[in-house]
Amino acid sequence: GPKTGDPRLFETMDELCAAVKEQFEYAVKMNVIINNTIEHAYINFTPSPYHNLMHPGPRKTGIDINMGSCKYNYFGSIGTGLGTAGDSLTAIDQLVFKQKAVSMDELLKALKADWEGYESLRNKCISVPKYGMDDDQADKWAKFIADTFMDAYERHPTCRGGRYLCGFFSVAQNHVLGNDTDATPDGRKANEMLSDSTAPSQYAVALGPTATHKSATKAIDTMRTVNGITFAQNLDINSLQTERELSKWGDLIRTFVNDGGMSVQYNVISIEQLKEAQINPGAYRDLFVRIGGYTARFIDLSKTMQDSIIKKATQAC
């Protein structure tokens, strides 16, 4: 990647943000080049006659769908790990620059050591407010990450004349990408999963669905997320047993959408039931859960995926 300076020499958060933006822009540019090369191959070597029959644009013009004959002709880019990235900036802002509780040098050493020998510092990083807790500072840094990501992609055209437009979802890739990611300043250890889609990370204190929903609407400009959003939340089944509780749930959803939310998916579950399903899967063949963009039968998931669902904060309405 580009040389954006030694972070140990940064004196302000603005200098760090400038470096983050430059790294984003470079990574996105590389991704665009790869995607446009693939698209070029599709245009020239793999026409889609059956696909063309399904869309009015290709039928009307006789131009292959890969060449841009559809009315809506954008290329979808996907972001995941929003909470992890935003929380990492929050920790740096609070502990390094504002409180001066740790030097950048010591933080980098702790990350390189995967927090081994730096447990006290890790606890400080974990205790910093997180995206999903309706904290304005934490949500500001999540918004910075989301906006920087979308800014970098939206300035690029596709090779078929459309634009790159963004969305945020995981489809379990937060586990895969987490396996390739070193320790992060939010307190996450190396190889742990990243935060799921637009949900808070596993280190965010569960303050209830209202706080989580408000953070999402503050951080994400859904007028720009044309490629879609997965905002998956867990709710305790025991908190949705009466008409009044169901009515409150409806009010929560309406308020979320009125405040700018695009979509939300709920797992209405019991932690005890999920744990029992791990022990006795044959008795829970009809137990389905929502995972970062798709629905799956719980007993078909890997142990790692099952544990991540169980660990995710189950919030009562």
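The values are calculated or read from the model by the stated rules, or taken from the named source; none is laboratory data. Model, not experiment: these values are computed from the prediction. Counting neighbours? That spans all protein chains shown, and the Cβs are built from the backbone with ideal geometry, glycine included. In case anyone asks, the SASA skips ligands and DNA or RNA and just uses the protein heavy atoms, side chains included. Shrake-Rupley method; radii C 1.70, N 1.55, O 1.52, S 1.80 Å.
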Pairs where the first residue, in segment 10-32, is under 24 Å from ASP105 (Cβ atoms) and the second is open to solvent by 50 Å² or more (accessible area, probe 1.4 Å) and part of a loop (DSSP other than H, G, I, E, B), C-beta under 8 Å, 6+ apart: GLU15/GLY5; ALA19/GLY5; GLN23/GLY1
Inter-residue pairs, beta-carbon under 7 Å, first in contact (Cβ under 8 Å) with a residue 24 or more places away in the chain and open to solvent by less than 10 Å² (accessible area, probe 1.4 Å) and in segment 120-146, second outside any helix (DSSP H, G or I) and among the hydroxyl-bearing types (Ser, Thr, Tyr), 6+ apart: LYS130/SER201; LYS130/TYR203; ALA138/TYR131; ASP139/TYR131; ALA142/TYR131
Matching residues in segment 74-95 - criterion: being in contact with a Leu (Cβ under 9 Å, 6 or more places away or on another chain), open to solvent by 10 Å² or more (accessible area, probe 1.4 Å) and either closer than 17 Å to HIS213 by Cα or at pLDDT below 95 (or both): TYR74, PHE75, GLY76, THR80
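Here's the yes/no breakdown for (1) among the charged types (D, E, K, R); (2) open to solvent by less than 10 Å² (accessible area, probe 1.4 Å); (3) in contact with a Lys or Arg (Cβ under 6 Å, 6 or more places away or on another chain):
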position	(1), (2), (3)
GLY178	no, yes, no
GLU192	yes, no, no
SER197	no, yes, no
GLY208	no, no, no
MET223	no, no, no
Scan of segment 273-317 for residues that are open to solvent by less than 50 Å² (accessible area, probe 1.4 Å), β-branched (Val, Ile, Thr) and at pLDDT 90 or above, ordered by number: ILE299
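Quick check: is even one residue across segment 157-175 touching a Pro at 6+ places or on another chain (Cβ under 9 Å), polar (S, T, N, Q) and surrounded by fewer than 22 Cβ atoms within 10 Å (Cβ to Cβ)?
Within segment 157-175, the subset touching a Pro at 6+ places or on another chain (Cβ under 9 Å) is 163-164.
With polar (S, T, N, Q) added as a condition, the list becomes none.
So far as segment 157-175 goes, no, none of its residues is touching a Pro at 6+ places or on another chain (Cβ under 9 Å), polar (S, T, N, Q) and surrounded by fewer than 22 Cβ atoms within 10 Å (Cβ to Cβ).
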Members of segment 253-272 that are more than 15 Å from ILE291 (Cα to Cα) and surrounded by 18 or more Cβ atoms within 10 Å (Cβ to Cβ): PHE256, GLY261, MET262
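Which helices (runs of 4 or more DSSP H) does segment 110-189 wholly contain that include 3 or more residues that are at pLDDT 95 or above and over 16 Å from the mean Cα position of the chain (by Cα)?
Working: elements: 119-127, 136-154, 173-179.
Filter on segment 110-189 gives 119-127, 136-154.
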Any pair with Cβ under 7 angstrom, 6 or more apart, that starts in segment 222-233 at a residue that is modelled with pLDDT under 90 and ends at one that is open to solvent by 10 Å² or more (accessible area, probe 1.4 Å) and hydroxyl-bearing (Ser, Thr, Tyr): GLN233/TYR266
Filter result (within 24 Å of PHE288 (Cβ to Cβ) and assigned to a helix (DSSP H, G or I)) within segment 215-247: ALA216, ILE237, ASN238, SER239, GLU245, LEU246
Some residue of segment 4-20 being open to solvent by 40 Å² or more (accessible area, probe 1.4 Å) and of a type in the set (Phe, Trp, Tyr): no
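In segment 83-103, which residues are over 26 Å from the mean Cα position of the chain (by Cα) and assigned to a helix (DSSP H, G or I)? Step through it out loud before you land on a result.
Here is the first cut: in segment 83-103, the residues over 26 Å from the mean Cα position of the chain (by Cα) are 98-103.
Hit for segment 83-103 is LYS98, nothing else.
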